[in-house]
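*Asks:* I am attaching a structure below and will ask some questions about it afterwards.
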Amino acid sequence: MEQVSVHVRLDVARALQAGEAEIPASKEILEDASRLGVSLEPVHPGTSAPDLLTHFTVYVEDAEKARTVAETLQRSDAVEGAYVTPSASPADLP
């Protein structure tokens, strides 16, 4: 399972957290996600803190799909950043 981290504009985040697509930008990102067959999940559901509200995650099955999702979402005016989350790896021990 791969993850795509998505950072959206604050106005878009508020609409998405409320489950609404009232503004054009939130409607656009939901349509993009639907076309890609993915959904945006809030990293901090239920928060009202502006610095946490804007972070979402998309889970996909493989690295190629993750790159496609990140590249597509980055083109949206609603998105401030989207990238494939690097896999965790153990620290090198001395």
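*Asks:* With the condition kept exactly as written, say whether any residue in the range 59-80 is at pLDDT below 95 and open to solvent by less than 20 Å² (accessible area, probe 1.4 Å).
*Replies:* Yes, the range 59-80 contains at least one residue that is at pLDDT below 95 and open to solvent by less than 20 Å² (accessible area, probe 1.4 Å).
*Asks:* Could you check the range 6-31 and list, in sequence order, the residues that are polar (S, T, N, Q) and open to solvent by 50 Å² or more (accessible area, probe 1.4 Å)?
*Replies:* Listed by number, the list holds a single entry, Gln17.
*Asks:* Something else about it: Of everything in the range 32-58 that's among the small types (Gly, Ala, Ser), in contact with a helix residue (DSSP H, G or I) (Cβ under 9 Å, 6 or more places away or on another chain) and under 24 Å from Leu10 (Cβ atoms), which residue is surrounded by the most Cβ atoms within 10 Å (Cβ to Cβ)?
*Replies:* Ala33
*Asks:* Ser5 fails exactly one of the following numbered conditions: (1) more than 11 Å from the chain's Cα centre (by Cα); (2) assigned to a strand (DSSP E or B). What is the number of that condition?
*Replies:* It fails just one condition, (1).
The values are calculated or read from the model by the stated rules, or taken from the named source; none is laboratory data. None of these values were measured; they are calculated from a predicted model. Backbone-built Cβ (ideal geometry, glycine too); neighbour counts: all protein chains shown. Just so you know, the surface numbers come from the protein's heavy atoms only, side chains and all, with ligands and any DNA or RNA stripped out. Shrake-Rupley method; radii C 1.70, N 1.55, O 1.52, S 1.80 Å.
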